[in-house]
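First comes the structure, then the notes that go with it.
What follows is calculated from the coordinates using simple rules that are stated; it is not laboratory data. Remember, predicted model here, so these are calculated numbers, not experimental data. Backbone-built Cβ (ideal geometry, glycine too); neighbour counts: all protein chains shown.
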């Protein structure tokens with residue numbers, strides 16, 4: 001019969017091997033980005049009472065106007081931090097792509 005330490009070690013290894021991350025993706029109906037992913041890790045504190053804004057400055061240029069895709073990602077480490085702090089600290093990875101400019105029609 002296996003000892004408690006061996007069984008516990010096996011369970012820990014299995015849990016670590018099956019861990020992963022998850023993504024939530026928001027796109028437009030006509031998905032056609034003009035940039036690669038830009039990203040920022042944001043930290044939400046005290047169950048959302050203190051939040052960090054993400055400003056996509058690269059999507060404010062004249063040739064690019066607007067967001068084409070936003071992706072919210074978390075991983076095992078971020079989830080573990082959130083659980084261990086009882087939700088007081090919740091790190092999350094935010095990624096985005098900018099849209100292509102609207103095509104010009106006619107002459108000005």
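Data table
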item: Chain lengthening between residue 83 and residue 9 when straightened (0.36 nm per residue, less Cα-Cα); result: 24.5 nm
item: Sequence ranges 91-98, 72-79, ranked by mean other-Cβ count within 10 angstrom, highest first; result: 91-98, 72-79
